[in-house]
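Just below is one structure, and these are the notes that go with it.
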Amino acid sequence: MAKEVVLVDISYISRFAWNEQMAKRLREMRGKMSRDALAVKAGCSRAFIHNLEWGNAANRPESIDKKDALAICQALEIPIWQLYPALALDVDNLQKICSSLLTNVNIM
């Protein structure tokens, strides 16, 4: 039986967290496409792509703007949830999260 997937409405998101795991995922998804080609297609600089992929703590951003994330995904021809799998939630996990939130609400 296939699992149901719930997608988070992206309009609620303004920035995306960025860390070494995201850097690795971007490198893998970029594959053989050069940083220069990705930068041109995404409308950003090669240095920005380099810092996303390899930057150290001093120059790798902690988060990126939604428009940059979407532009990179469009340039790679992938949906945003492939770069950010957390945007797609298993229905069972979503129900657990909602249940947990509801049990922690104080009703006055």
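The values are calculated or read from the model by the stated rules, or taken from the named source; none is laboratory data. Here the structure is a predicted model, which means the values were calculated and not measured. In this analysis, Cβ positions are derived from the backbone assuming ideal geometry, glycine residues included, and neighbour counts consider all displayed protein chains. For accessibility, only protein heavy atoms count, side chains too; no ligands or nucleic acids. Shrake-Rupley method; radii C 1.70, N 1.55, O 1.52, S 1.80 Å.
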Task: Efficiency of FRET from Cβ geometry, residue 20 and residue 74, R₀ 30 Å, rounded to 0.05 - done: 0.80
Open item on the list: What lysines does residue 96 reach when the alpha-carbon gap must be under 21 Å and sequence neighbours fewer than 8 apart in one chain are set aside?
Closed with: 3
Task: Heavy-atom accessible surface of the stretch 2-81: percent carbon and sulfur, 1.4 Å - done: 54 percent
Task: Heavy-atom surface of the stretch 1-80, accessible at 1.4 Å and reported per residue (Å²) - done: 65 Å²
Task: the stretch 1-84: relative contact order in percent, alpha carbon pairs under 8 Å with at least 6 residues between - done: 37 percent
TODO: Work out from phi, with θ = phi - 60° and the Karplus expression 6.51 cos²θ - 1.76 cosθ + 1.60, the ³J(HN,Hα) of each residue of the stretch 29-36, listed in order in whole Hz, and give x for Gly and Pro.
DONE: 6, 5, x, 8, 5, 6, 4, 4
